[in-house]
């Protein structure tokens, strides 16, 4: 019953949306400790009151991580991430915001081998439908028909 | 005695290296739980034995996070990250690898205002001096001379 | 001064109550990441607003874990858990609820050896004295008098 | 593309297996801190050397949690857990063991309403195919055909 | 059955030992993230190889924290810590070391009120019985006989 | 560009202040789990309502840890902590309080070797400028001029 996504499952122009996840204070505290980034923008309420945004904001890397992680809850891609591109932080993300990633297939290419390349736009939106973060991601994904013809020679990495 | 890095402190071509940090099993377990990405490449030793890399590998997002977090331990930039670009995962990162980020200033631009834009290459290397991950980062950084002339009007976000 | 509970210390019908512990947002975030269960009932505030319970609820496994963990803060049982039975989730547990476990000895049996079997009802109640979770637990517990007659031959597992 | 499992998807006798997950030292440390259970069986190597199992063992509650959590990575059940039954810890689980849950549908019942009850056996096995933990779980699961006929009146809890 | 320790329970010269706890790599990773202390002595294996101790060492604050935390697993003191004194880090603590705290009552004073002051030496030893850390701690502890005469007026803080 | 603090950089009477950090509910939950200290003063809201302080308070060890950790975000000391002294918890620390450490050099001594001893007062204050915790710390710090004359013979531990 597990949902494995193969190269054939991607259609250019097709869009889908991940489940949502609320950014909590605990996530920001964890993220500071996990990354080692204790900038006062994330961990010092008093400093934040003196800033235009007025309250603690999520690390940009946390927003990125949620955008990627939400996809992993979605169905397993038979492949790996080759790269992320043009990451842009559009609006601040606050404690209590709920993020969802909207994925649109921009391009798919295949040289006829057992894998192909898929490029997707990943737009992260909050509960007000504001775009807070956008990037593109390039995946190497295996074809379904080659799955049963022996172990993949290039299972590669996964992002 | 805190070390604040301003626009004037960046010189094109200048390179510096962050301290190192070892990727532990605990980091990968933590990262899976923080991101929600439990792909077997990261959490299932038995699956990994059947793969070419033969052992668990770090999430690409973990390598990225360490590359960014190591910079935060380094001195505080008077500004924020506008974007990351061309993230490429070159080699797998294993448990026990020690990562360091090597930063090189590629470009700096200023329109004469209180801030300027700095573009850096960020190369993440392991203990064997192998390049495992590379990206570019664009920062908006305040000038030192404007620091004392009242509160910044655009303190903006921080990545 | 450590408090070790032996087979002789249990009396059928005897009841006791553990200290309390408040379920926090951080506990739910941890629990999602520890278990890998990111169902929107636990991590998506916007989804929860569309549901009858109206807000995030604790994982059933979190309530169970607190019920067991609170007992471990209580005094150490000279034995191990053989099994848990008839776990029933009666009412939802919300962020801010304070849980306490009420234990009642239902049965104790001994075949005359160095250990006996104890069955307890474990009722978990919140700050309004509502029963939120109930189960039974079966323990194998060593007798006190056998403690000093050499190392236990069957120290067994502990739940 | 998200995989939602409805009442109609269950067939009595049908079996499936979750992905695997390796129990790490970090998981046990985390579990002790999350539950508050610091029994020496889990956190004291020197004590464990004096015991028949000779090394630290996973908390029974950790094994249970992995068994439940692995199912959440699998596809989302349109329903909630009503109860767990007859939890039995068969063999100790050690650091480095990789656990998988094998689910078998034992029974399904429906009173003709929008939901039905499903009972499954959940067997947790390690990398040597040893059964380490077994239980039964009872789920309330919505029918697919009723999904589009307005918001569910009893979305209930989720375990 | 909970074990509450009162002023009357302390005897000058009396010694007791807490359960043990093994310092794991995960504990050090957590501690770095919790405290924000990412000195290479704790998180950079390659740096540590160039140092006389040759491997990662636990933060001094981690050793202190374990010494205090192990006491909390022991029985609850009816009081709070007023201060810690003369903390001295005698030997490095490595990953895999198992720590135990040995407590000796040095002094107890009472002005006849509902509380008294207790001073204890706390010696932290590893599995080779080497003293790795030593300190003194001063507690304010309630008398047992006053427990039932209404709510304490000065329950104070707890360390 | 990393900021390394040497023996020569300390001046008796000189004071400096670390960045701030807000104590969150997540920090207290994490601290309970990391230390094993689940006293109800920290984890049981209902108990706390019956106490004079009326709400959960931070562990004293958490306040101490933040005071030490904030210094590590500040610039790296070329040395290690020999000891902490006269730790006194002056006022309770609540969820939402923002802590900063104020360091004043009390004394510096050198026997002419490659290292010297520095004693500092560390005062931890909250956002209302109330002193909540005070201690002294003794550091062994290397001289700058000796840095390049070969590997340090006594790099010692770090607190």
Suppose you put the label 7 Å out from Cα in the Cβ direction; list, shortest first and in nm with one decimal, how far residue A:17 is from each other copy's label.
3.7, 4.6, 4.6, 4.8, 6.1
Ranked list, fewest to most other Cβ atoms within 10 Å of each Cβ, for F:93, A:81
A:81, F:93
Using a 7 Å offset from Cα along the direction of the beta-carbon, what are the separations from residue F:110 to the same position in each other copy, nm, ascending?
3.7, 5.4, 7.2, 7.2, 8.4
Can you show me the helix-derived [θ] at 222 nm for chain B, built from DSSP H runs with n ≥ 4 at -39,500 (n - 2.57) apiece and divided by the number of residues, rounded to the nearest 500.
-5500 deg cm²/dmol
Which distances, shortest first and in nm, link residue C:136 to the matching position in the other copies, using label points set 7 Å out along Cα to C-beta?
1.4, 5.6, 6.3, 6.3, 6.9
Please compute the average number of Cβ atoms from other chains found within 10 Å of each residue's Cβ in peptide A:47-53.
4
For E:57-70, what's the mean count of beta carbons from other chains sitting within 10 Å of each residue's beta carbon?
6
So for segment B:3-48, what percent of the C-alpha to C-alpha distances run longer than 13 Å?
71 percent
Kindly express, to the nearest 10 degrees and within the range 0 to 90, the angle between helix B:60-72's C-alpha long axis and the longest C-alpha principal axis of chain B.
40 degrees
Across peptide D:81-94, how many C-beta atoms of other chains are within 10 Å of each residue C-beta, on average?
5
Got the relative contact order for segment C:4-142 handy, in percent, Cα pairs under 8 Å and 6 or more residues apart?
32 percent
Once you have a ≥ b ≥ c as the square roots of the Cα gyration tensor eigenvalues for segment D:36-94, tell me rounded if a/c is under 1.5, and otherwise prolate or oblate according to whether a/b is larger than b/c.
prolate
What does the convex hull of the alpha-carbon atoms of segment B:1-84 project to on average, in nm²?
7.9 nm²
Nearest 10 degrees, 0 to 90: helix E:25-35 Cα axis against chain E principal axis
70 degrees
Taking C:89, A:7 and counting other beta carbon atoms within 10 angstrom, the fewest-first order is A:7, C:89
So what is the diffusion coefficient of the protein assembly as shown in µm² per second by Stokes-Einstein at 4 °C and 1.567 mPa s, using a Kirkwood Rh over Cα pairs?
44 µm²/s
Can you work out the base-10 log of I(q)/I(0) for segment A:73-122 at q = 0.27 1/Å, using the Debye formula on its C-alpha atoms alone?
-1.29
Among residues of chain B, the one whose beta-carbon sits nearest the axis that rotates B onto E, given with its distance in integer Å, is B:26, 2
Rounded D (µm²/s) - segment A:4-142, Kirkwood Rh over Cα pairs, Stokes-Einstein at 20 °C, 1.002 mPa s
133 µm²/s
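Where a number appears in this text, it was derived from the coordinates with a stated rule and is not lab data. Keep in mind that what you see is a predicted model, and the values were worked out from it rather than measured. Cβ sites come from the backbone with ideal geometry, for glycine too, and all protein chains shown count toward neighbours.
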